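Q: Take this structure, written in structure tokens, and hold onto it; I'll ask about it next.
The values are calculated or read from the model by the stated rules, or taken from the named source; none is laboratory data. This is a predicted model, so every value here is computed, not measured. So basically every Cβ, Gly included, is an ideal-geometry build from the backbone, and we count neighbours across all protein chains shown. The accessibility values were calculated without ligands, DNA or RNA, using every heavy atom of the protein model including side chains. Shrake-Rupley method; radii C 1.70, N 1.55, O 1.52, S 1.80 Å.
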Amino acid sequence: MKTFLKQAFVVSGAALNIAGHGCAHGYPAVLFAQLIRDGGPVTLTDHDTSWIASSVGLMGIVGNFISPVFMSKLGRQKSHFISTIPALLGWIIFIFGNTVPMFLLARFLHGLALGLRTPLAAILVAEYTEPRYRGAFLGTFAISLGLGILLSHIWGAYLSWKNTAIVCSMFPIISMVIISLSPESPYWLVSKSRFEDAKKAFKWVRGDGEQQNEELDKMIQTQEREQHENENGKEIYRSFSITRYALNSFKSILKIFKKKEFFKPSIVAICMLIVFEFGGAHMLAAYGNVILQAVLNKENLTDVTWQFTVIDFLRTTCAFLAIFLLKNFKRRTILFTSGVMTVLSLTTISVFMYARNSGYINQAWLVDVLPMVLMITYTFSFCIGIVPLNWVICGEVFPLAYRSLGSTLSTSFLTPAFVISMKTAPHLYSSIGVEGAFLVYSATLTICLSIMYVLLPETKDRTLIEIENTFKGISTSDKEVKLSLLEKKVSSV
């Protein structure tokens, strides 16, 4: 129990950091609504709002590529601490800034913090916690993100946008304190051959039992063996020119991209990320009040405050329910049920809005009740399956040998998808209306879900080798036949 509490303490630092990023995702809705309502200190255009909302993604990709360097050179603890600094600075700028350039700078810093944290969070859980707790700890991240969005909107309903920024800044501050009190990752210390420090850190976070000592000994032995192999490989490396090495590396990457077990999962991961973004993962948090104003046909953004809170609360509730679903149901069942329901919900909302605006629907009870019911159905459909499955599928489909390259590819593709969805949303809403935008999103989701239906195998309770063989087109029976033929050859020899 003591080791569990220590692991929970370390993970809570990451969870609070993620909750702070949830606040950053939800904050534009608070900022835009209050600036429009109060008329100052600056007047925002659609161009301004789209850049403020989407600028997080522009710096996110920078953070994604810097984070692995920090993790390797500085360690997990220092990298985690560094990721909280731009988040805190962003909130400070919101507190004292009153111009669009200052708002953009704050959002750039939040994007940098998000990019630094994204590759780090799952690694922290993997290296600090026991396997039996990892699933539950990873599930807390989705809950923390949804909770951060919910709290930012609740605080924004009762506080000014500056005071909301002050309260939101508490998340990175508390996270900094927890990270400072946490040890360095024993896995990173072992990788740097700091074995004595690794033993102390490992015993602090995992305990001092026989099983734990055996795991630690295996880690150290593996590192010593790899270190010896690397030293032998240095002489071989010196015999090659840098140009030849770079050329051979480029050829190797091209060969990897041509393999079925890599390019098929890549297509699946990219389609999953498109569904995640254009389904509304971040648009609903940033532009949810604008969407609700149009769908519910209200005059002001402040008229949808309680409805927005219901949507936020439902998102957080779905994060809890998703843990149960992922444990008990197949991935494809959850994904395509959620996907079809999301497409149908978006389409139904769009058709309803067109019919209402044309005067075909004018019954008072229908106009008042049905729009909110449809928005609740859409939010539930999207958040119960597509949202939690996004990173699960992206993490499971890539073969072990190419996981690092595949993860980098999918993570780097997320940022452009985020920027495009957030940047185009206000322009779509003002040109073709929310109802037209929803039709565009439902068509996009339909195309990507159809591709995944063809390419994505079932991944639940299957090993990475089994998933890889499925992408290669090798079934279990084919493998058994090959093994039997190999055994016959061996026996004949």
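Q: Name the one entry in SER67, SER83, SER72 that is under 17 Å from the mean Cα position of the chain (by Cα) and either among the basic types (Lys, Arg) or at pLDDT below 85 (or both).
A: None of the other options fit; the residue is SER67.
Q: Looking for whichever is on the phi < 0 side of the Ramachandran plot, open to solvent by 40 Å² or more (accessible area, probe 1.4 Å) and either among the polar types (S, T, N, Q) or touching a residue at least 40 places away in the same chain (Cβ under 8 Å) (or both) here; the options are ILE267, ILE274. Which one fits?
A: From the options ILE267, ILE274, the qualifying one is ILE267.
Q: Another one. With respect to the numbered conditions (1) buried (at least 20 other Cβ atoms within 10 Å of the Cβ); (2) over 23 Å from the mean Cα position of the chain (by Cα); (3) aliphatic (A, V, I, L, M), which one is the sole condition not fulfilled by LEU147?
A: That leaves (2) as the condition not met.
Q: Out of all the residues in the stretch 6-14, is one or more part of a helix (DSSP H, G or I), closer than 28 Å to LEU104 by Cβ and in contact with a helix residue (DSSP H, G or I) (Cβ under 9 Å, 6 or more places away or on another chain)?
A: yes
Q: Of the residues that make up the stretch 460-470, is at least one open to solvent by 70 Å² or more (accessible area, probe 1.4 Å), closer than 28 Å to MET283 by Cα and modelled with pLDDT of 75 or more?
A: No: the stretch 460-470 contains no residue that is open to solvent by 70 Å² or more (accessible area, probe 1.4 Å), closer than 28 Å to MET283 by Cα and modelled with pLDDT of 75 or more.
Q: In the stretch 92-125, what count of residues is obtained for those that are among the small types (Gly, Ala, Ser) and touching a His at 6+ places or on another chain (Cβ under 8 Å)?
A: 1
Q: Would you pick out the residues in the stretch 113-128 that are surrounded by fewer than 24 Cβ atoms within 10 Å (Cβ to Cβ) and modelled with pLDDT of 80 or more?
A: Answer for the stretch 113-128, where residues must be surrounded by fewer than 24 Cβ atoms within 10 Å (Cβ to Cβ) and modelled with pLDDT of 80 or more: just LEU120.
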